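Step one of this worksheet: look at the structure below.
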Amino acid sequence: MTVDIAGSDTRQLRQLVRSRNDVIFEIVRDRICLREYDEGHVIHETALATEFRVSRTPIRQVLQRLVYEQLAETRNGVGTIVSYVGPQSADMLRFRIGLTRLIADLIPLQLPSTLGSDYARLQALAGLLKPESSLKEAWDVWRTHHEVRNALIGDEALRQMDDTIFFRTARSWIDWLKREPMAMHALLVEEIAAVVGQATALSAPELFRLHATHLERMLARYGAQDSK
């Protein structure tokens with residue numbers, strides 16, 4: 001019997017490469033969402049390769065993924081630039097609301113027993129946000145809230161779509177967060193508190209409908225003016 005050591009090593013190496021690429025992708029994606037890389041910013045392969053100490057090949061893969069996620073686009077003679085957020089951002093948020101309600105009707109899994117503790121931790125994090133909190137501190141809480149909720153989606157295709165739309169709409173509500181940080185924090189804290197208060201009785205559909213209602217309130221407060 002021959003043990004395929006080379007094949008095993010190759011699989012481990014591929015897993016390592018995927019993990020490294022994922023980390024780089026998430027860092028660059030966060031920079032786009034926070035507008036550290038703003039609309040039209042040219043994302044230079046060489047600079048990122050130097051920063052992350054990798055070859056340009058994984059950086060190209062990261063940039064291709066950003067283009068696929070519609071967070072960036074390729075321009076002839078320029079390279080890869082951060083995509084522009086147009087007046088359709090409110091429509092994209094409406095789509096996200098519809099998707100959340102669809103997930104509420106189709107989610108196949110029961111909520112985990114850790115839901116209460118997960119949301120209690122989120123409540124503690126959100127409660128620390130102040131007017132003077134940095135944008136990144138606020139973003140970390142919002143993104144963690146998304147990750148906890150997104151992990152509850154049992155269908156992989158729906159989970160991936162929910163994740164993609166969250167980041168695709170992020171730059172719009174990040175602008176709202178800059179404009180009225182405490183009003184946005186209040187919306188987040190209220191939703192989390194509602195889940196904590198009902199954690200033992202809340203069903204998965206009810207949690208997602210609660211989130212859809214939260215998004216509708218956000219859209220009603222900010223979406224109309226940004227569509228003009």
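The values are calculated or read from the model by the stated rules, or taken from the named source; none is laboratory data. Note that this is a predicted model, so its numbers are computed, not measured. Glycine gets a Cβ as well: all are built from the backbone with ideal geometry, and neighbour counts include every protein chain shown.
What are the residues in segment 24-72 that are aliphatic (A, V, I, L, M) and part of a loop (DSSP other than H, G, I, E, B), if any?
Step one: of segment 24-72, the residues aliphatic (A, V, I, L, M) are 24, 27-28, 32, 34, 42-43, 47-49, 54, 59, 62-63, 66-67, 71-72.
Correct list: Leu34, Ile43, Val54, Leu71.
Between residues in segment 137-161 that are surrounded by fewer than 16 Cβ atoms within 10 Å (Cβ to Cβ) and residues that are outside any helix (DSSP H, G or I) and not aliphatic (A, V, I, L, M), which pairs lie under 6 Å by C-beta distance while being six or more apart or on different chains?
Gly154/Pro108
Any idea which residue in segment 175-195 is farthest from the chain's Cα centre (by Cα), counting only those that are over 19 Å from Thr100 (Cβ atoms) and buried (at least 19 other Cβ atoms within 10 Å of the Cβ)?
His185
Using the structure shown, decide if Gln61 is among the polar types (S, T, N, Q) and within 26 Å of Lys178 (Cβ to Cβ). Please lay out each step first, then the result.
On the way: among the polar types (S, T, N, Q): yes; within 26 Å of Lys178 (Cβ to Cβ): no.
Answer is no for this residue.
From Ile153, Ile107, Ile103, grab the single residue that is under 16 Å from the mean Cα position of the chain (by Cα) and of a type in the set (Val, Ile, Thr). Let's see the steps before the verdict.
Working: Ile107 fails: under 16 Å from the mean Cα position of the chain (by Cα); Ile103 fails: under 16 Å from the mean Cα position of the chain (by Cα).
Of Ile153, Ile107, Ile103, the one residue that is under 16 Å from the mean Cα position of the chain (by Cα) and of a type in the set (Val, Ile, Thr) is Ile153.
For Leu207, only one of the following conditions fails: (1) surrounded by 20 or more Cβ atoms within 10 Å (Cβ to Cβ); (2) farther than 18 Å from Ala120 by Cα; (3) aliphatic (A, V, I, L, M). What is its number?
Result: Leu207 fails condition (2) only.
If I filter segment 168-179 for residues that are at pLDDT 85 or above, part of a helix (DSSP H, G or I) and within 25 Å of Leu111 (Cα to Cα), do I get at least one hit?
No: zero hits.
Determine which member of the set Leu63, Leu111, Leu99 is farther than 19 Å from Glu191 by Cα and of a type in the set (A, V, I, L, M). Please lay out each step first, then the result.
Numbers: Leu111 fails: farther than 19 Å from Glu191 by Cα; Leu99 fails: farther than 19 Å from Glu191 by Cα.
On inspection, the qualifying residue turns out to be Leu63.
Scan segment 73-101 residue by residue and report those that are part of a helix (DSSP H, G or I) and of a type outside the set (D, E, K, R). Lay out the reasoning, then the answer.
Residues of segment 73-101 that are part of a helix (DSSP H, G or I), as a first pass: 89-101.
The answer is Ser89, Ala90, Met92, Leu93, Phe95, Ile97, Gly98, Leu99, Thr100.
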